[in-house]
1. Just need a number here: residues in segment 310-345 that are assigned to a helix (DSSP H, G or I) and closer than 19 Å to Leu197 by Cβ.
2. Say we look at segment 75-122 and pick out the residues that are of a type outside the set (S, T, N, Q) and on the phi > 0 side of the Ramachandran plot; which of these is surrounded by the fewest Cβ atoms within 10 Å (Cβ to Cβ)?
3. For segment 414-436, check the following and say yes or no: at least one residue is touching a Phe, Trp or Tyr at 6+ places or on another chain (Cβ under 6 Å), under 23 Å from Ser355 (Cβ atoms) and β-branched (Val, Ile, Thr).
4. Can you go through Val476, Val441 and tell me which one is more than 30 Å from Arg363 (Cα to Cα), without any contact (Cβ under 8 Å) to a residue 60 or more places away in the chain and more than 19 Å from the chain's Cα centre (by Cα)?
5. Report yes if Ile383 is touching a Ser or Thr at 6+ places or on another chain (Cβ under 6 Å) and of a type in the set (Val, Ile, Thr), otherwise no.
6. Which members of segment 456-480 meet the condition of being loosely packed, with under 15 Cβ neighbours inside 10 Å and aromatic (Phe, Trp, Tyr)?
7. Sort out which residues of segment 419-452 are within 13 Å of Val95 (Cβ to Cβ), assigned to a loop (DSSP other than H, G, I, E, B) and out of contact with any Pro (no Cβ under 9 Å at 6 or more places or on another chain), and write them in order of number.
8. Cβ-Cβ under 9 Å, sequence separation 6+ or interchain: first residue in segment 370-386 and closer than 18 Å to Ser486 by Cβ and part of a helix (DSSP H, G or I), partner acidic (Asp, Glu) and modelled with pLDDT of 85 or more. Which pairs?
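The values are calculated or read from the model by the stated rules, or taken from the named source; none is laboratory data. Nothing here was measured: the structure is a model prediction, and the numbers come from that model. Using ideal geometry, Cβ is built from the backbone for each residue, glycine included, and neighbour counts are taken over all protein chains shown.
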Amino acid sequence: MAEDSSVRSANRWRTKSVEQSIADTDEPTTRLRKDLSWWDLTVFGVSVVIGAGIFTVTASTAGNITGPAISVAFVLAAIACGLAALCYAEFASTVPVAGSAYTFSYATFGEFTAWIIGWDLILEFAVAAAVVAKGWSSYLGTVFDFGGGVTEVAGLEVDWGALLIIGFVVTILAVGTKLSAGVSLAITALKVAVVLLVVAVGAFYIKTANYSPFLPPAESGERAGSGAEQSLFSLLTGGEGSTYGWYGLLAGASIVFFAFIGFDIVATTAEETKQPQRDVPRGILASLAIVTVLYLAVSIVLTGMVSYTELRDAESANLATAFALNGVDWAAKVISIGALAGLTTVVIVLVLGQSRVLFAMSRDGLLPRQLAKTGRRGTPVRITLLVGAVVAITASVFPIHRLEEMVNIGTLFAFALVSAGVIVLRRTRPDLKRGFRTPWVPLLPILAIVTCVWLMFNLTGLTWIRFSIWMAIGVVLYFCYGRRHSLVGNRAR
């Protein structure tokens with residue numbers, strides 16, 4: 001009995017070798033087509049990162065949590081992302097296989113950890129795609145002045161705008177990844193132009209008085225939030241809340257982190273890249289550098305145009321709000337159109353990332369392998385349709401509020417694990433060919449882990465409770481299905 005227990009324990013920590021992971025990419029029925037260049041990857045990264053975060057989260061966070069100090073919050077979030085990006089770049093160039101952090105964890109920590117991180121990525125991509133699709137629908141109503149596309153069907157409120165964007169995205173992804181890259185390039189060019197317009201036009205309306213106080217004094221009472229509604233760090237250290245002040249700045253960094261989510265999706269397309277050892281690191285680092293510069297410029301201009309109290313008091317504050325409050329209505333309209341375009345590409349890349357993670361998990365047998373079959377165009381059509389259906393139902397039927405924090409905690413967890421994996425793989429497999437090497441190992445990965453965990457602790461206690469429940473469900477599913485159907489486990493028997 002003790003022997004059986006030890007065998008089961010060993011099975012949970014069995015790893016899938018890098019060589020086996022790469023060999024599995026040549027299986028005819030589950031082979032992905034290699035179409036992408038480093039420029040395509042950079043476009044994917046920029047197209048998903050410049051979206052809901054910059055068009056909506058920036059203004060609401062500045063008004064309700066950080067004040068003008070939001071630019072510092074962006075710097076803190078960018079540092080965390082930059083450290084993690086260097087670790088992702090090494091892993092993606094060493095293991096150029098679909099699945100991102102899931103695949104990397106399988107090669108280093110073993111099957112159970114890989115499943116946990118895969119389950120975590122499902123949460124990250126699916127919830128993010130649903131949130132952004134709902135935001136897209138809202139902007140569609142604003143641009144065309146019809147008040148949104150929500151109607152009641154059989155007692156349920158159905159968001160037709162969200163259904164429309166998901167249907168469009170699923171169609172182009174099923175046709176081919178290269179086509180979606182081309183669509184993303186065209187739309188990304190438009191929204192980057194809109195962001196540059198925000199900076200160029202908004203700079204003329206900056207009032208230096210709006211930067212004072214740069215870090216507003218902490219608030220207490222109902223507005224500050226309390227209990228599970230405040231950051232976990234504030235709660236554990238006896239703070240009265242996490243609105244403004246130093247607690248607010250740290251909480252703001254954890255929230256605007258949502259604006260950077262997406263560069264890790266570049267790693268999920270490694271298997272579809274022509275020269276992954278060279279191009280994946282380039283795509284990851286280039287996309288992150290571009291968006292960091294744009295975010296800092298926008299946050300400085302935004303908080304200079306209007307007082308943070310005006311953003312706080314505005315209903316559903318976003319970038320367009322600052323221009324409307326300054327009487328520049330034409331710019332507000334252009335920004336709304338840019339946001340509509342921007343959110344389109346965000347949904348494209350999020351659904352792409354979600355489908356590739358599920359594809360990798362299905363190919364390994366941890367989910368039904370039938371889902372991993374690719375069509376004649378070299379895309380996982382079955383999984384793409386399944387992901388599209390789940391996201392469409394979630395976005396069109398269920399009300400979604402404050403779920404950006406759920407996305408953040410899942411992403412930060414993945415970043416920390418990938419950073420730790422770099423240290424482990426350097427020691428266990430020093431012989432592997434690495435197209436990119438993370439500098440200052442193990443110091444830099446350790447800093448990445450500490451930074452990510454720190455940001456996680458500055459999310460609300462309620463977010464931690466929801467995240468724990470989701471992960472508990474994942475553990476049950478692994479032991480009920482994944483452990484018994486694992487392809488790696490079956491090969492070992």
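1. Qualifying residue count for the region: 24.
2. Let us first name the residues in segment 75-122 that are of a type outside the set (S, T, N, Q), namely 75-92, 95-99, 101-102, 104, 106-107, 109-112, 114-122.
Retained after the next criterion (residues that are on the phi > 0 side of the Ramachandran plot): 99, 110.
Numbers: Gly99: 27, Gly110: 18.
For segment 75-122, the residue satisfying everything is Gly110.
3. Yes, some residue in segment 414-436 is touching a Phe, Trp or Tyr at 6+ places or on another chain (Cβ under 6 Å), under 23 Å from Ser355 (Cβ atoms) and β-branched (Val, Ile, Thr).
4. Working: Val476 fails: more than 30 Å from Arg363 (Cα to Cα).
Of Val476, Val441, the one residue that is more than 30 Å from Arg363 (Cα to Cα), without any contact (Cβ under 8 Å) to a residue 60 or more places away in the chain and more than 19 Å from the chain's Cα centre (by Cα) is Val441.
5. It is true that Ile383 is touching a Ser or Thr at 6+ places or on another chain (Cβ under 6 Å) and of a type in the set (Val, Ile, Thr).
6. Within segment 456-480, just Phe479 meets the criteria.
7. Arg429, Leu432, Lys433, Arg434
8. Qualifying pairs under 9 Å: Ala372/Asp364.
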